[in-house]
Amino acid sequence: MRERASRDIIAEGDVAESRLATRRGPFRALAFRDPVDGFEHMALVFGSATSEDVLVRVHSECLTGDVFGALRCECGDQLDLALDRIVEEGRGVLVYLRGHEGRGIGLVAKVRTQVLQDSRGLDTVDSATTLGYPVDTRDYGPAARVLRHLGVRSVRLLSNNPDKSRGLERSGVTVVERVPLLAPAHEHNLDYLTAKRDRLAHDLPHIDAHALD
């Protein structure tokens, strides 16, 4: 029990913090090595966010969307929207989780699934399972651990994914509200968003309006 408890705490030697100047304003940048998964993740803190009901985005790494602006997914748009919302709120935290590429299957596997999506018309779920990959292996424990490290006691979660709320709750984070984070739907991501709604139960009411345009 004691070993398990110690692995649920981020050691001070595994944390580095600095000020990060961005086009949206200054953030506290907290880089940390998680004691369980071993990945180095990052939390960006805006304003005073060490209390209850903090606006939080837990964002899964997506190299193609976040860095290269790929249009197949909405990840890059969601990252930008979340940071904008946090700054508008005046306080909040964005936790950027590495090792979550392709819902946890990795970059090479994700690109392989995209080949099947393009060549055979499979959706994001069937393209993964056809290749023998799980649909979602993401663990939100690292996000829970860094939020506890920051002193965040409860969150308003920026997410359309009920499973993310449940995953954080299972890791000990109190989610008092799930706040929609609806990135624009367009011709390049509509099939992807529809599969997330119909196959993965994400709350995406805006895509029907786009389909009727």
Cα shape, the range 122-210, gyration tensor, a/c 1.5 rule = oblate
Taking the Cα-to-Cβ direction at Leu63 and at Asp8 and moving 7 Å from each Cα, how far apart do the two end points lie in nm?
-> 3.4
With r as the distance between the Cβ atoms of Val111 and Glu187 and R0 = 22 Å, compute the FRET efficiency 1/(1 + (r/R0)^6) and round to 0.05.
-> 0.55
Across the chain, where is the longest run that never hits chymotrypsin sites (Phe, Trp or Tyr not before Pro) in a DSSP loop with at most 15 other C-beta atoms within 10 Å?
-> 69-213
Work out the FRET efficiency for Arg166 and Arg33 from their Cβ-Cβ distance, taking R0 = 35 Å, and round it to the nearest 0.05.
-> 0.85
Take every Cα pair under 8 Å in the chain that's 6+ residues apart, average their separations, divide by the length, and report that relative contact order as a whole percent.
-> 20
Within the chain, helix-based [θ] at 222 nm, where runs of 4 or more DSSP H residues each add -39,500 (n - 2.57), nearest 500 = -11000 deg cm²/dmol
If you count the DSSP beta bridges with both ends in the chain, what percent of them are antiparallel, to the nearest 5?
-> 60
Loop-only check: which GluC sites (Glu not before Pro) in the range 29-77 are DSSP coil with at most 15 other Cβ within 10 angstrom?
-> Glu52
Please label the shape of the range 1-109 as rounded, prolate or oblate, based on the square roots a ≥ b ≥ c of the eigenvalues of the alpha-carbon gyration tensor (a/c under 1.5 means rounded; beyond that, a/b larger than b/c means prolate, else oblate).
-> oblate
Can you give the extra length, in nm with one decimal, that the chain gains between Arg197 and Asp80 once fully stretched, where that is 0.36 nm per residue apart less the Cα-Cα distance?
-> 40.0 nm
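Each reported figure results from applying straightforward, stated rules to the coordinates on display, with no laboratory input. Please read these numbers as outputs of a predicted model, since none were measured by experiment. Glycine also receives a Cβ, built like all others from the backbone with ideal geometry; neighbour counts cover every protein chain displayed.
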